[in-house]
């Protein structure tokens, strides 16, 4: 199966007055088309840094990141902005919707930035909202009139509307109760069944049960199966 995402020996080092922080340490990762991958790790593990690099919001200090064969690490700032607008879809913990804008307006926003004609924007927004199961009765509601689960489904529809190569979800259930979280994860699962490629970052093992595959990150490194088993054994020994 074709690879959508290919990360090869990526390091990310931040410099500050306090010194150097090695946030990612030689991360390599491949994701196939139509795969639902969960990246799991505690706070400070490097998972947010990895997400920022995958989303074109940050650059690796060294190493290579390819999206559908395109070397993202070599792109200019303008090219990265174009990549984010046209080939990536983002879903955040805090939804990041415009509170006073309607559901339709929020979902259409990425298409506005890409100068898509209005009639096509409406058609594609309706298709995306249908894909996440939000009833048409809500399309003219302002986003601040919705429940948390409804807002997250709108955010997922917004991520879908450009038909991106990759959907990136950063702790998408972090602000939701367990019943609403399950509904949102069912939405992601249905999108995977339709062939969408998803990378979801979380600290919640129950969320990862929905994914095809889970990788664990700790101290900036992706753990091998052997390292993961050793870590769990060590943690059990200290309980």
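The values are calculated or read from the model by the stated rules, or taken from the named source; none is laboratory data. Keep in mind that what you see is a predicted model, and the values were worked out from it rather than measured. Reconstructed Cβ throughout: ideal geometry from the backbone, glycine too, with neighbour counts over all protein chains shown.
Anything in region 46-57 that is part of a loop (DSSP other than H, G, I, E, B), surrounded by 21 or more Cβ atoms within 10 Å (Cβ to Cβ) and in contact (Cβ under 8 Å) with a residue 60 or more places away in the chain? List them, or say none.
Scanning region 46-57 gives a single hit, 46.
Looking at region 65-72, can you tell me whether even one residue there is in a helix (DSSP H, G or I), surrounded by 18 or more Cβ atoms within 10 Å (Cβ to Cβ) and either touching a strand residue (DSSP E or B) at 6+ places or on another chain (Cβ under 6 Å) or in contact (Cβ under 8 Å) with a residue 12 or more places away in the chain (or both)?
Checked against the condition, which is being in a helix (DSSP H, G or I), surrounded by 18 or more Cβ atoms within 10 Å (Cβ to Cβ) and either touching a strand residue (DSSP E or B) at 6+ places or on another chain (Cβ under 6 Å) or in contact (Cβ under 8 Å) with a residue 12 or more places away in the chain (or both), region 65-72 yields at least one hit.
From the list 213, 192, exactly one residue is within 25 Å of residue 57 (Cα to Cα), touching a strand residue (DSSP E or B) at 6+ places or on another chain (Cβ under 9 Å) and exposed (fewer than 14 other Cβ atoms within 10 Å of the Cβ). Which is it?
When all the criteria are applied, what remains is 213.
Every residue in region 168-184 that is surrounded by fewer than 22 Cβ atoms within 10 Å (Cβ to Cβ) and either touching a residue at least 60 places away in the same chain (Cβ under 8 Å) or outside any loop (DSSP other than H, G, I, E, B) (or both), please.
Of all residues in region 168-184, those surrounded by fewer than 22 Cβ atoms within 10 Å (Cβ to Cβ) come to 170-171, 174-183.
Answer for region 168-184, where residues must be surrounded by fewer than 22 Cβ atoms within 10 Å (Cβ to Cβ) and either touching a residue at least 60 places away in the same chain (Cβ under 8 Å) or outside any loop (DSSP other than H, G, I, E, B) (or both): 170, 171, 174, 175, 178, 179, 180, 181, 182, 183.
Name the residues in region 93-110 that are free of Cβ contacts under 8 Å to residues at least 40 places away in the same chain and within 23 Å of residue 190 (Cβ to Cβ), would you?
Correct list: 104 only.
Please pick out the residue among 91, 10 that is assigned to a strand (DSSP E or B), at pLDDT 95 or above and touching a strand residue (DSSP E or B) at 6+ places or on another chain (Cβ under 6 Å).
10
Give the residue that is surrounded by the fewest Cβ atoms within 10 Å (Cβ to Cβ), with candidates limited to residues of region 16-45 that are free of Cβ contacts under 8 Å to residues at least 12 places away in the same chain and on the phi > 0 side of the Ramachandran plot. Lay out the reasoning, then the answer.
First, the residues of region 16-45 that are free of Cβ contacts under 8 Å to residues at least 12 places away in the same chain: 16-21, 44.
Narrowing further to those that are on the phi > 0 side of the Ramachandran plot: 19, 44.
On the way: 19: 7, 44: 12.
Among those that are free of Cβ contacts under 8 Å to residues at least 12 places away in the same chain and on the phi > 0 side of the Ramachandran plot, it is 19.
With respect to residue 110, is the statement that it is farther than 25 Å from residue 26 by Cα, modelled with pLDDT under 95 and over 19 Å from the mean Cα position of the chain (by Cα) true?
Answer is no for this residue.
Mind checking which residues of region 74-88 are in contact with a strand residue (DSSP E or B) (Cβ under 8 Å, 6 or more places away or on another chain) and free of Cβ contacts under 8 Å to residues at least 12 places away in the same chain?
Matches in region 74-88: none.
Look through region 111-147, keep the residues that are under 24 Å from residue 200 (Cα atoms) and in contact (Cβ under 8 Å) with a residue 40 or more places away in the chain, and return whichever of them is surrounded by the fewest Cβ atoms within 10 Å (Cβ to Cβ).
Residue satisfying both the conditions and the ranking: 133.
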